[in-house]
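Presented below is the structure to which this report refers.
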2 protein chains.
Amino acid sequence: MIKVSVMYPNTPGARFDHAYYRDKHMPLLKRLMGDSCKSYTIDKGLGGLGPGAPAVYVGMCHVFCDSVGSFQAGFGPHAAEIMGDIPNYTDLQPVVQISEVVVG
Amino acid sequence: MIKVSVMYPNTPGARFDHAYYRDKHMPLLKRLMGDSCKSYTIDKGLGGLGPGAPAVYVGMCHVFCDSVGSFQAGFGPHAAEIMGDIPNYTDLQPVVQISEVVVG
């Protein structure tokens with residue numbers, strides 16, 4: 001199993017609509033990717049480790065797929081539609097990482 | 001539910017022992033935190049989005065707790081022992097973020 005983590009840097013003054021992300025964007029991604037997206041999770045940044053420290057990322061999602069190939073097969077054909085929805089909830093550029101799920 | 005994400009930047013030349021992290025460090029954390037750690041996950045960085053792009057983080061864990069207070073109560077008394085184990089698997093300084101689990 002792999003996960004694709006999409007992480008939005010917590011930049012002062014930037015826009016991020018958590019409700020749209022949860023209610024519209026991620027369900028859109030799941031609907032378009034179909035079974036190639038086994039599941040997904042969403043995080044909302046609360047803070048860093050120390051008192052009052054800001055979160056590094058304002059929001060994150062993690063998309064779980066059987067393999068990198070399965071992700072590419074499910075995401076690729078819909079990349080334009082999924083990425084075209086990004087301006088509807090943020091003006092941030094996400095950081096993307098693909099990881100092996102060691103313990104899930 | 002909250003998650004504490006501990007993310008190790010993928011720095012060229014740095015050391016990170018994935019087997020120790022999986023087999024020794026995270027079980028140590030779970031044993032010491034007890035029920036205040038509901039569960040944890042471990043990721044191993046494979047790459048970025050583009051072909052050949054490096055992963056931002058070489059490894060990550062996410063520790064799930066009922067609340068920030070529950071994490072602090074479980075981790076605080078054992079912080080010295082848990083953090084003292086870090087040099088056994090890496091010379092990296094992790095980035096730590098606390099997030100609300102919006103979709104888990």
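Things to note:
- Interface area, A with B, accessible, probe 1.4 Å, both sides summed, Å² nearest 100: 2700 Å²
- Occluded residues from region A:47-66, i.e. those whose accessible area drops by 40 Å² or more once the chain is not alone (1.4 Å probe): A:LEU49, A:VAL56, A:TYR57, A:MET60
- The same position B:SER39 in the other copies lies at 0.6 nm from this copy, comparing label points 7 Å beyond Cα toward the beta-carbon, shortest first.
- Taking label points 7 Å from Cα along the Cα-to-Cβ direction, B:LEU46 and B:HIS18 give a separation of 1.0 nm.
- Cα-based convex hull volume of region A:1-56 per residue, rounded to whole Å³: 99 Å³
- What a 1.4 Å probe finds exposed on chain A is 56% carbon and sulfur by accessible area, rounded to a whole percent.
- Region B:69-104 and region A:45-104: distance between their alpha carbon centers, rounded to Å: 22 Å
- Charged-residue dipole, Cβ positions (Lys, Arg, Asp, Glu), chain A about Cα centre, Debye nearest 20: 160 debye
- Close lysine pairs were tallied over chain B: pairs 8 or more places apart or on different chains with Cα atoms under 16 Å apart number 4.
- The charge dipole of region A:16-69, taken about the Cα centre with unit charges on the Cβ atoms of Lys, Arg (+1) and Asp, Glu (-1), comes to about 100 debye, rounded to the nearest 20.
- Phi-derived couplings, Karplus 6.51 cos²θ - 1.76 cosθ + 1.60 at θ = phi - 60°, listed residue by residue for region A:86-97: 4, x, 6, 10, 7, 10, 8, 9, x, 9, 10, 9 Hz, with x used for Gly and Pro.
- Placing a label point 7 Å from the Cα of B:GLY104 along the Cα-to-Cβ direction, the distances to the matching points in the other copies come to 1.9 nm, shortest first.
- J(HN,Hα) series, region A:47-59, from Karplus relation 6.51 cos²θ - 1.76 cosθ + 1.60, nearest Hz, glycine and proline x: x, x, 7, x, x, x, 5, x, 5, 5, 10, 6, x
- Springs join every pair of Cα atoms under 10 Å in this Gaussian network model of chain A, and among A:ALA14, A:ALA79, A:ALA53 the largest mean-square fluctuation is at A:ALA53.
- The residues of region A:55-100 present an accessible area of 41 Å² per residue when probed at 1.4 Å with all protein chains retained.
- Shortest-first distances to equivalent copies, position A:ASN88, nm, label 7 Å out along Cβ: 4.9
- Magnitude of the charge dipole, the protein assembly as shown, Cβ model with Lys/Arg +1 and Asp/Glu -1, debye to 20: 140 debye
The values are calculated or read from the model by the stated rules, or taken from the named source; none is laboratory data. Fair warning: this is a prediction, and the values are worked out from it, not measured in the lab. Positions of Cβ are backbone-derived with ideal geometry, glycine not excepted, and every protein chain shown enters the neighbour counts. For the accessible areas, the whole protein counts, side chains as well, though only heavy atoms, and no ligand, DNA or RNA atoms are used. Shrake-Rupley method; radii C 1.70, N 1.55, O 1.52, S 1.80 Å.
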